[in-house]
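The values are calculated or read from the model by the stated rules, or taken from the named source; none is laboratory data. Keep in mind the model is a prediction, meaning the values are calculated, not measured. Note that each Cβ is placed from the backbone with ideal geometry, even for glycine, and that neighbours are counted across all protein chains shown. In case anyone asks, the SASA skips ligands and DNA or RNA and just uses the protein heavy atoms, side chains included. Shrake-Rupley method; radii C 1.70, N 1.55, O 1.52, S 1.80 Å.
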Amino acid sequence: MRLKHIKGAEEAVALSSYVIHDAKERPGTWNRLFDSQGPIHIEIGMGKGRFLMELAAQNPQINYIGIERYSSVLLRAIQKMEEEPLPNLCFLCEDASELEQFFAPGEINRIYLNFSDPWPKARHARRRLTSVNYLNRYAPLLAEGGQLEFKTDNEALFDFSLESVEEAGWKLLGYTRDLHNDPQMNAGNIMTEYEEKFSSRGNPIYKLTAIPPRVRS
Ligand code: SAM
């Protein structure tokens, strides 16, 4: 992804009360941060935050945490929150490679991955957020009944992700290779910024949902 450096972004992120700066001190205590106790859903690589903001507005009983590693991208989400604050949403400006340092085992009820970076070179496969490497790390963090939802327009990444899900022993709950023409999987779908961009070019959107091995029914 091409990244524009935005002057002042780092400072704005550092000063924002919507961004949690001491995430490494919070494993096991995230619910105390929010006004009400509720399931915790996270999006890794949230970009400008539109998806999570719509979800948070629709579901006040769920607490949402958006993780984005670049301050110049996160800045846009912060600006939107300043216009329309949501008590059940906060942001982390962090890298997902440190995920276990932010959350306690079983603390998360859902993980969203939307249009994750494809890392096309084979030698970078471990960096893909749907690699076995990452799935093995998400599994203990998910509570009983917790699940992963992944959307992309990238067929190669989607095929790789289906293989990873199987290899890591996760159970595939559902998948589609054309989300917007799949009434069942598309029910209640909220478009992300990338989803809108790619689907307006006619690209099909791929989606899978899966649960980790220990919560199999
Ligand atoms: N999810 C948004 C959407 O669908 O519109 C943004 C998609 S964009 C292609 C991927 C985003 O994930 C980028 O903003 C990138 O900075 C972020 N990202 C990629 N790897 C990450 C990581 N390891 N930790 C945190 N953020 C990451």
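Observations on the structure shown:
- Where a residue in the stretch 64-78 is more than 15 Å from ALA23 (Cβ to Cβ) and its partner, wherever it lies, is open to solvent by 10 Å² or more (accessible area, probe 1.4 Å) and aromatic (Phe, Trp, Tyr), with Cβ under 6 Å and at least six apart: ILE78/TYR18
- Residue match in the stretch 141-152 (condition: of a type in the set (Asp, Glu) and without any contact (Cβ under 8 Å) to a residue 12 or more places away in the chain): no
- The stretch 101-203 holds helices (runs of 4 or more DSSP H) entirely within its bounds, and those carrying 3 or more residues that are open to solvent by 20 Å² or more (accessible area, probe 1.4 Å) and over 30 Å from HIS21 (Cα atoms) map to 155-167, 183-186, 193-200.
- Every residue from the stretch 46-73 that is among the small types (Gly, Ala, Ser) and surrounded by fewer than 22 Cβ atoms within 10 Å (Cβ to Cβ): GLY47, ALA57, SER71, SER72
- Leading residue by the ranking (least open to solvent (accessible area, probe 1.4 Å)) among those in the stretch 13-45 that are of a type in the set (A, V, I, L, M) and more than 16 Å from the ligand (Cβ to nearest atom): ILE40
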